[in-house]
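*Asks:* Have a look at this one before I ask anything.
The values are calculated or read from the model by the stated rules, or taken from the named source; none is laboratory data. Here the structure is a predicted model, which is why all the values come from computation and not from measurement. Glycine also receives a Cβ, built like all others from the backbone with ideal geometry; neighbour counts cover every protein chain displayed.
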2 protein chains.
Amino acid sequence: MTENIQIRLKNRPESTPAVGDFEVVKDSMPVAGDGEILCRSLYLSLDPYMRGQISGRHISGALHPGDMMRGETISEVVTSDHPDYQAGDLVAHQGGWQCYSVAKASDLTAVDRRINPHSLALGILGMPGLTAYAGMTYLAELKKGDRLVVSAASGAVGSMVGQIAKLMGCEVIGIAGSDEKCRWLTEQAGFEACINYKIQDLAEGLIQYCPDGIDVYFDNVGGDTLEAAMWQLSLGARVVLCGLMAQYNSDVMPPGPNPATIIKARATVRGLVVYDFFDKKQEFLDKVIPWVDQGRISYQEDVTEGIENAPAAFVRLMSGKNFGKTIIKF
Amino acid sequence: MTENIQIRLKNRPESTPAVGDFEVVKDSMPVAGDGEILCRSLYLSLDPYMRGQISGRHISGALHPGDMMRGETISEVVTSDHPDYQAGDLVAHQGGWQCYSVAKASDLTAVDRRINPHSLALGILGMPGLTAYAGMTYLAELKKGDRLVVSAASGAVGSMVGQIAKLMGCEVIGIAGSDEKCRWLTEQAGFEACINYKIQDLAEGLIQYCPDGIDVYFDNVGGDTLEAAMWQLSLGARVVLCGLMAQYNSDVMPPGPNPATIIKARATVRGLVVYDFFDKKQEFLDKVIPWVDQGRISYQEDVTEGIENAPAAFVRLMSGKNFGKTIIKF
């Protein structure tokens, strides 16, 4: 009989996590009960929000040492005791960092058959894509010609934010941490420009590329990046706060930008949590899948093979060394 | 011939201003030229934003040592060389900290004849009142039953924010700095409760009076007060940032609340500058004057007689020792 492999949290890291903070455990196969479905993981999504779960302060709940790491997977149904699913079906669910999982039908969603390759259901056509779509459609009040800036721009959320904004008539400036990422954003993803904040002063870069101010700022980072952007807002700017990469690796909550930045610009600042927009998923897929099929959206995946390598891939993600959507392929 | 008395900025204060930072100057009467109007000041408004002008970083421009202090006055027309105004007319304008001023017709507005006493045209029926009205009407997205918290609650802006919100069906909690102010807010102005932040821990008070979170927060203060309130927002809360009393006396820009406060609550945070709402003044007066006449709005004025006492009154205002709208009566 096949065995299951699981990754569990070993220690709560104090700053950037290390491979040793996780444990690879061989376990017996999970057993599906009445009405349940046994799933085999094909792809696992690694996301920065998991760092918050490890710290015990993410909106979705806390993880404790000894717990299996949580995460969304694309899985194949192995056996099903529920009429809605059959062996061979492709599903998305919270399978966690493991090879096999057991789920109830109500916790699964069928993967849209139009999505190809399937891994995109974890990236630009999954939660990160929906995050970007929700922000651009429901919170950013985009107007044609708006100058939009997005941080962590080459990530799954950031690259979709920029490309959706482009398709909605905006001019887009990215902020990223390497020349390679910046090159991809301007040459492949169609961004007007990209600031490599590691070699250029961010405030200067923002003034250079947004001489009339930032009309829309989408933030995945917090910290100094958010601070720099807030001082460059145009009158009536809109800011969407989505992620806090700069503080996920820390147990202290650093302060934010001075509120004068908001008053001065008469800005509107909104917080975005993708869970609030799960009911928009079909609308999102119907709109964005054709864009992907038509080649109007570029994407970048950072794929690691083997669940036992997930801790190293997560460490890379939390150090900003990934490039594109971080995925584990089983 | 009558002489003019002017208050000028002498030194730029580094923290809370002192009386010695200002100079009382006797000057000759200003002379009205062709088409101009000579005005005699009746009331002068003192406002916290003036501290920002002194620091050279207010939205309305900077003041330098030697400059006359700026400010809005209610004045009586002495002589007029313009057909729109006659001697005896009551006008509001930027007369400054002086007894007499010369103005162009385009810089004057007639004081609404329904306003009584006239000093209210500087307070709850003037710029502070319009500020509160604009925030409640256009930015706060008030819903009946919302629990609203306002800081600097006994000030001209704060007391109007709370009372307008009450009239729009909200439950209102004030934050103020003395028991006397709190008593007035609950006993006269109809607030549900008031937290004296000098004797009660603010975070605890907010949890006590807003056990389900703050639905709307109107901030006149910034700093620790804003920080405490931001952690207690309810889901979907709205925040209006209007004033930064906590940092006006400082040359450094302190940081703001961690952006997680906004994300966690899916809050909408907006900056309010009253200048953007000058076109709503008539609408505001038509709505609020009847409320005042019907006794549905209480107000408190902090009146000092004599322009030579304006520096001391301003110092008191900037130390939070005023109670109600600070006005100089000539």
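*Asks:* Could you please find all residues in region B:197-246 being under 30 Å from B:Pro17 (Cβ atoms) and among the charged types (D, E, K, R)?
*Replies:* Selection gives B:Lys198, B:Asp201, B:Asp219, B:Asp224, B:Glu227.
*Asks:* Only one residue in B:Ser60, B:Ser41, B:Ser55 is surrounded by 13 or more Cβ atoms within 10 Å (Cβ to Cβ), under 25 Å from B:Ala121 (Cβ atoms) and out of contact with any strand residue (DSSP E or B) (no Cβ under 9 Å at 6 or more places or on another chain), so which one is that?
*Replies:* Selected residue: B:Ser60, the only one of B:Ser60, B:Ser41, B:Ser55 that is surrounded by 13 or more Cβ atoms within 10 Å (Cβ to Cβ), under 25 Å from B:Ala121 (Cβ atoms) and out of contact with any strand residue (DSSP E or B) (no Cβ under 9 Å at 6 or more places or on another chain).
*Asks:* Please tell me if A:Glu72 is closer than 30 Å to A:Gln247 by Cβ, assigned by TED's automatic domain parsing to the domain that holds A:Pro311, over 21 Å from the mean Cα position of the chain (by Cα) and acidic (Asp, Glu).
*Replies:* No, not satisfied.
*Asks:* From the list B:Val216, B:Val292, which one is among the hydrophobic types (A, V, I, L, M, F, W, C), within 18 Å of the chain's Cα centre (by Cα) and more than 10 Å from chain A (Cβ to nearest Cβ)?
*Replies:* B:Val292
*Asks:* Would you be able to tell me the number of residues in region A:104-120 that are of a type in the set (Ser, Thr, Tyr) and buried (at least 17 other Cβ atoms within 10 Å of the Cβ)?
*Replies:* Number of matching residues: 1.
*Asks:* Name the single residue that is nearest to the chain's Cα centre (by Cα) among those in region B:135-159 being buried (at least 24 other Cβ atoms within 10 Å of the Cβ) and over 14 Å from B:Tyr217 (Cα atoms).
*Replies:* Ranking the candidates gives B:Ala156 first.
*Asks:* Which ones in region B:226-243 are within 9 Å of another protein chain (Cβ to nearest Cβ) and among the charged types (D, E, K, R)?
*Replies:* Residue satisfying the conditions is B:Glu227 alone.
*Asks:* While we're on this one: Note down all Cβ pairs under 6 Å where the first residue falls in region A:155-174 and is outside the structural domain of A:Met318 (by TED's automatic domain parsing) and farther than 11 Å from A:Ala132 by Cβ, the second is at pLDDT 95 or above and part of a strand (DSSP E or B), and they're at least six residues apart or on different chains.
*Replies:* From residues that are outside the structural domain of A:Met318 (by TED's automatic domain parsing) and farther than 11 Å from A:Ala132 by Cβ, the pairs are A:Lys166/A:Val172; A:Cys170/A:Leu148; A:Glu171/A:Arg147; A:Val172/A:Leu148; A:Ile173/A:Val149; A:Ile173/A:Ala193; A:Gly174/A:Val150; A:Gly174/A:Cys194.
*Asks:* Mind checking which residues of region B:244-269 are under 18 Å from the mean Cα position of the chain (by Cα), surrounded by fewer than 24 Cβ atoms within 10 Å (Cβ to Cβ) and within 11 Å of chain A (Cβ to nearest Cβ)?
*Replies:* If the condition is that a residue be under 18 Å from the mean Cα position of the chain (by Cα), surrounded by fewer than 24 Cβ atoms within 10 Å (Cβ to Cβ) and within 11 Å of chain A (Cβ to nearest Cβ), then B:Ala246, B:Gln247, B:Tyr248 are the ones that fit.
*Asks:* Determine which member of the set A:Gly61, A:Gly66 is more than 18 Å from A:Lys329 (Cα to Cα), in contact (Cβ under 8 Å) with a residue 40 or more places away in the chain and of a type outside the set (D, E, K, R).
*Replies:* A:Gly66
*Asks:* Any chance region B:128-140 includes a residue that's out of contact with any Cys (no Cβ under 8 Å at 6 or more places or on another chain), modelled with pLDDT of 95 or more and not in a helix (DSSP H, G or I)?
*Replies:* yes
*Asks:* Can you tell me which condition A:Ile199 does not meet? The list is (1) buried (at least 21 other Cβ atoms within 10 Å of the Cβ); (2) in a loop (DSSP other than H, G, I, E, B); (3) free of Cβ contacts under 8 Å to residues at least 60 places away in the same chain, and all the others hold.
*Replies:* All conditions are met except number (1).
*Asks:* A:Asp27 versus (1) surrounded by fewer than 18 Cβ atoms within 10 Å (Cβ to Cβ); (2) touching a Gly at 6+ places or on another chain (Cβ under 8 Å); (3) of a type outside the set (A, V, I, L, M, F, W, C): which is the lone unmet condition?
*Replies:* (2)
*Asks:* Same structure, new question: Output the residues belonging to region A:270-289 that are within 14 Å of chain B (Cβ to nearest Cβ), surrounded by fewer than 18 Cβ atoms within 10 Å (Cβ to Cβ) and among the charged types (D, E, K, R).
*Replies:* Listed by number, the list holds a single entry, A:Asp276.
*Asks:* What do you reckon, is A:Ser101 crowded, with 22+ Cβ neighbours inside 10 Å, part of a strand (DSSP E or B), polar (S, T, N, Q) and at pLDDT 95 or above?
*Replies:* So A:Ser101 passes the test.
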